[in-house]
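Have a look at this one before I ask anything.
The values are calculated or read from the model by the stated rules, or taken from the named source; none is laboratory data. Because the structure is predicted, anything quoted here is derived from the model rather than measured. Quick reminder, even Gly has a Cβ in these numbers, built from the backbone with ideal geometry, and neighbours come from all protein chains shown. When the accessible area is computed, the model is the full protein with side chains, heavy atoms only, and any ligands, DNA or RNA have been set aside. Shrake-Rupley method; radii C 1.70, N 1.55, O 1.52, S 1.80 Å.
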Amino acid sequence: MHIPDGILPAPVCVAGYAIAGGITWVALKRIHKTSDSQVEVPKAALMAAAFFVGSSISLPVPPVSVHLVLNGLLGIVLGWYAWPAILIGLLLQAILLGHGGVTTLGVDAVMMGIPAVLAGQLFQLRHYLGKSLPAKISLGLFSFIAGAFGVGLSAMIFFALVIFAIPSTLDQSTEQTFLKALMVGHIPLIFLEGVFAVLLCFFLLRVKPELLER
């Protein structure tokens, strides 16, 4: 789902950096408003490492391959800290692995970071919308929704960029076939990331439940 250098037009890359810069400013302000902003840093570093590794693992879903994104999971665990964690993870992937690009870093950050932050907010809705449910069912339901939502929204943004921002060098039928294959390939990924979020949240509930409270 990463977009490499040399694919997007320059105005789109500039717009991506502008939006990413604005969100970084907002995220840092929200982080600094917390009672002790340094407490969450080790957890954010650990999750950034998980994002770095997870996004580097390809999963074959014939006729294409996809990779774990884990941005919804970062939103669940980190909240607003998910934004700088994803931004740093993307930068390291671009520099160390050539996964993504430096000119497209802003666009990639927006594509994965905004859904992560929204997934974190969605997960917190369990305190309001899930009050009538048993605690474990509420946790499982909202962790699945948030985990699936993060990668699902990122996939939608990615497809929008492919359709509207990336100049096509393929004929229309070939392009449609390619896009359909990518869309179908991401459906099991969305489900898998939702299930992974549920499993991790249940694990944290058992060993360190305070990590789920923000």
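Express the accessible area of the chain per residue in Å², computed with a 1.4 Å probe while the remaining protein chains stay in the model.
51 Å²
Counting alpha carbon pairs within less than 8 Å and at least 6 residues apart, what relative contact order, in whole percent, applies to the chain?
Relative contact order here is 26 percent.
Right, another one. Taking the chain, how much of its Cα-Cα pair set, in percent, is spaced more than 30 angstrom apart?
Cα-Cα pairs of the chain separated by over 30 Å account for 22 percent.
At a 1.4 Å probe, what is the % contribution of carbon and sulfur to the accessible area of the chain?
74 percent
Could you sort Tyr128, Tyr17, Tyr81 by their accessible area in this structure, using a 1.4 Å probe and putting the largest first?
From most exposed to least exposed: Tyr128, Tyr17, Tyr81.
Take the cross-link list Lys43/Lys180; Lys33/Lys208; Lys29/Lys136; Lys131/Lys180 and give me the ones stretching past 29 Å between alpha-carbons.
Cα-Cα > 29 Å for Lys43/Lys180; Lys29/Lys136; Lys131/Lys180; rest within.
At Val39 and Ser132, where each label point lies 7 Å from the Cα along Cα→Cβ, what is the point-to-point distance in nanometres?
Between Val39 and Ser132, the simple spin-label model gives 3.4 nm.
With unit charges on the beta carbon (Lys/Arg positive, Asp/Glu negative), name the residue among Ile76, Thr103, Leu8 whose Cα is farthest towards the positive pole of the charge dipole of the chain.
In the chain, that residue is Ile76.
Name the most mobile residue of Phe164, Phe196, Phe144, meaning the one with the largest mean-square fluctuation, in a Gaussian network model of the chain with Cα contacts below 10 Å.
Taking springs between Cα atoms under 10 Å, the residue moving most is Phe164.
Here's another thing I want to ask about it. On a 1.4 Å probe surface of the protein chains, which of Val107, Val53 comes out largest in accessible area, and what is the full order?
Per-residue accessible area, sorted high to low, gives Val53, Val107.
Let me ask something additional. Hey, what angle do you get for helix 105-124 against the long axis of the chain, alpha-carbon based, 0 to 90 degrees rounded to 10?
In the chain, helix 105-124 runs at an angle near 30 degrees to the longest axis.
Only Lys, Arg, Asp and Glu count, each charged at its Cβ (+1, +1, -1, -1), so figure out the dipole size of segment 10-212 about its Cα centre, rounded to 20 debye.
660 debye
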